[in-house]
Amino acid sequence: MDDDSNANTAFDRNRLRLEVWPALTRAFPGAEQAFCQAAQQAALADAFIRETTSQMLADMQDEAGLDAVAWAQLSAVQRHWVMRQWLMQQLDVGVPIQALRRITQEALGRRLGRWPLTPGRELRLYRGRFAVASVALRAADGMPPISPAAQAQALLWPASVRAGFLPLPSWGGVLEWQVADQGGVLPRTLAGAVLRERGGGEQFQLGPGRPARALKKQFQSLGVPMWARSGPLVWQGERLVFVPGLGVDARCQAAPGEPQLMLRWHPDSTTAVSGI
């Protein structure tokens, strides 16, 4: 049965088939063959680019991301296609040419950077590695997100030692706790614990016998990127228990062998949490 809509030239596909294409072939009799040849050449070129960039990427990528130093040593054309191929592997979708052009121009020679890719995903450059990461989306209808300062709250920790997690969308992530053998904190230490944002002047001790230092210095010494520092601090009274990117303060750690919980902060509410 014929579809009446097939003759409606208000649709682009019909206007192209019924009006544009006949006029084109009348003016240029060889247009159809030329288009076919161009399509075949484009397909071969695309296959060659994919094969070549895949070979180049084999030595430039790993689980941590893409080697930005090796990428920067490529020619301008190679940088474009290698970045395009790698991003397509990470996103499973195409990358807008404007975004790709901006990345290849701005990332060269930089040590730190962030570029939006698709809704909820961005490219990050830190310490010589490119990585694609999830980002928390803002509230719909233009409503601003809740301030982390307004979300300071007491945490209801389980009485027994077991794993769990707490989504904190206004902080942009998930707080997770897992049963651990060492390096964790006693569950009773977390009774009445409160989430707070950084206020400045906090001191953190990385390990037993090591000096307590300012959070900024500890972050710098461990190379913790800015986006991994944005979560809430966990306080028990006047004791700083846990800092995202650093872990549990050594002064609050349980003795090895005691029932304890290891805290972890997963930036962005879209990040998968193990064991959930």
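Run through every distinct alpha carbon pair of the stretch 186-276 and return the Kirkwood hydrodynamic radius in angstroms, one decimal place.
13.9 Å
Only Cα pairs under 8 Å and at least 6 apart count here; give the relative contact order of the stretch 19-111 as a rounded whole percent.
For the stretch 19-111, the relative contact order is 20 percent.
Determine ³J(HN,Hα), in whole Hz, for all residues of the stretch 257-267 in sequence, where each value follows from phi through the Karplus function 6.51 cos²θ - 1.76 cosθ + 1.60 and θ = phi - 60°; x replaces Gly and Pro.
For the stretch 257-267, the Karplus-derived couplings read x, 6, x, 8, 10, 9, 8, 9, 10, 10, x Hz, x marking Gly and Pro.
Output ³J(HN,Hα) for the stretch 229-246: one whole-Hz value per residue in order, computed from phi by the Karplus curve 6.51 cos²θ - 1.76 cosθ + 1.60 with θ = phi - 60°, and x for Gly and Pro.
9, 7, x, x, 7, 9, 10, 10, x, 9, 9, 7, 8, 9, 10, x, x, 10
Counting only protein heavy atoms, what percent of the accessible surface of the stretch 170-224 is carbon or sulfur at a 1.4 Å probe?
Details: 1270 of 2690 Å².
Carbon with sulfur: 47 percent of the solvent-accessible area.
Using modelled backbone amide H atoms (1.01 Å from N, in-plane), which distant-in-sequence or interchain residues come within less than 5 Å of G173's amide H?
L168, D268, S269
How much area per residue is accessible in the stretch 63-138 when the probe is 1.4 Å and only protein heavy atoms are counted (Å²)? Write out the running numbers ahead of the final one.
Working: 4260 Å² over 76 residues.
Spelled out: the 1.4 Å probe surface of the stretch 63-138, per residue, equals 56 Å².
In Å and from the alpha-carbon atoms only, list the Rg and Dmax of the stretch 1-133.
Over the stretch 1-133's Cα set, Rg and Dmax evaluate to 20.9, 63 Å.
For L112 and F48, FRET efficiency with R0 = 45 Å and r from the beta-carbon atoms, rounded to 0.05?
Numbers: r = 34 Å, r/R0 = 0.76.
Result of the calculation: an efficiency of 0.85.
Just the number, please: carbon plus sulfur as a percent of the accessible area of the stretch 82-123, 1.4 Å probe, no ligands or DNA/RNA counted.
48 percent
Using amide H atoms built in the peptide plane, which far-off residues or other-chain residues are under 5 Å from F242 H to H?
Long-range HN contacts for F242: V234, D249.
Could you work out, for the stretch 17-69, what percent of all Cα-Cα pairs fall into each 10 Å distance bin, beginning at 0 Å and stopping at the bin that holds the largest distance?
20, 26, 19, 16, 15, 5
State, to one decimal in nm, how far the label point of Q33 lies from the label point of E19, with both points 7 Å from Cα in the Cβ direction.
3.0 nm
The values are calculated or read from the model by the stated rules, or taken from the named source; none is laboratory data. Quantities reported herein were computed from a predicted structural model and do not represent experimental measurements. Cβ sites come from the backbone with ideal geometry, for glycine too, and all protein chains shown count toward neighbours. Quick note on the areas: whole protein, heavy atoms, side chains included, nothing else; ligands and nucleic acids left out. Shrake-Rupley method; radii C 1.70, N 1.55, O 1.52, S 1.80 Å.
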